Amino acid sequence: MSSDNKDRPLAGWRLRLYETVYESETTAGKLFDICLLIAIVASLIVVAWESVPDLSETQLRVLSTIEWSLTVLFTFEYILRLIVVRRPLRYVASFYGLVDLVAIAPMYLAIFVPGMQYMIVWRSLRLLRVFRILKLGPFVQEASQLTEALVASRRKIIVFFSSLAILAFIFGTFMYVIEGPDNGFKSIPIAIYWAVVTMTTTGFGDIVPRTGLGQAIASFIMLLGYAILAVPTGIITAELASRHHKITTQTCPSCLKQGHETDAKHCKFCGTAL
């Protein structure tokens, strides 16, 4: 297919199917996606039920029949998604494309590798489509803003966690020297583990300091942990405060990316008309 044909806008039956399969703007599109979600949930229930011991042969056959029927349905849906897009390979390599492929592959692999059918629990990832299906635009918008804030503040977060790692190493080494193997601190790695558990205020209690100095340091680490918890929250909140653009759930028919502003006429990633 030439480049001109690939860039030509969808029309006719492909456009109608595309709006049904990939969009939730129409009644048919929303109905399609809701039915798909019901099928995914049903599949997960069947997988969980199949793992229950002492099922009769009849029950196992019924569950297997249901699961294979759902797998065939998901396979048809996957092929349909490939047909209605301009660039099928882009869909195959996309996040949802990989998830959709992993959702159907285990059942076919189970023919050659027994037990692989239980891996179809990966289908639960497809429930992420619920944000687009139910047109929860505000939720999609907030999720996008949160992702952007995390990416924008990644360097600060890396520095923060690096500082935590250094503190955990220092405190762990101190506690190993102070408490020693007799009090459960048998090595520096074990002492670092205790420092991480204490600094995060988890406190499993499997290792506890016995000496007065060790308990004093432990008290300081606990108090420090409460102060540390507020740092990443402040970093991300500061980034979120600077982001106030509204987005829609519309998917680009060419690059299959989302996150477009509500008034966008063209895809901001590839320039295709929306």
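The values are calculated or read from the model by the stated rules, or taken from the named source; none is laboratory data. These figures come from a predicted structure and were not determined experimentally. As a convention, Cβ positions derive from the backbone with ideal geometry for all residues, glycine included, and neighbour counts pool all protein chains shown.
Structure above, values below:
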item	result
Residues located in segment 199-230, provided they are among the hydrophobic types (A, V, I, L, M, F, W, C) and either under 28 Å from the mean Cα position of the chain (by Cα) or assigned to a loop (DSSP other than H, G, I, E, B) (or both)	MET199, PHE204, ILE207, VAL208, ILE228, LEU229, ALA230
Residue count for segment 40-58, restricted to those that are modelled with pLDDT under 80, exposed (fewer than 15 other Cβ atoms within 10 Å of the Cβ) and within 22 Å of the chain's Cα centre (by Cα)	1
Elements of type helices (runs of 4 or more DSSP H) contained in segment 22-110, each with 3 or more residues being within 19 Å of CYS255 (Cβ to Cβ)	57-84, 88-93, 95-109
Options LEU10, LEU37, LEU63, LEU17; residue that is modelled with pLDDT under 80 and surrounded by 14 or more Cβ atoms within 10 Å (Cβ to Cβ)	LEU10
Condition check for THR237: polar (S, T, N, Q), modelled with pLDDT of 70 or more and under 26 Å from the mean Cα position of the chain (by Cα)	yes
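Table: residues versus (1) surrounded by fewer than 15 Cβ atoms within 10 Å (Cβ to Cβ); (2) over 17 Å from ILE40 (Cβ atoms).
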{"residue": "LEU73", "(1), (2)": "no, no"}
{"residue": "PHE76", "(1), (2)": "yes, no"}
{"residue": "PRO88", "(1), (2)": "yes, yes"}
{"residue": "ALA93", "(1), (2)": "yes, yes"}
{"residue": "ASP100", "(1), (2)": "no, no"}
{"residue": "ALA110", "(1), (2)": "no, yes"}
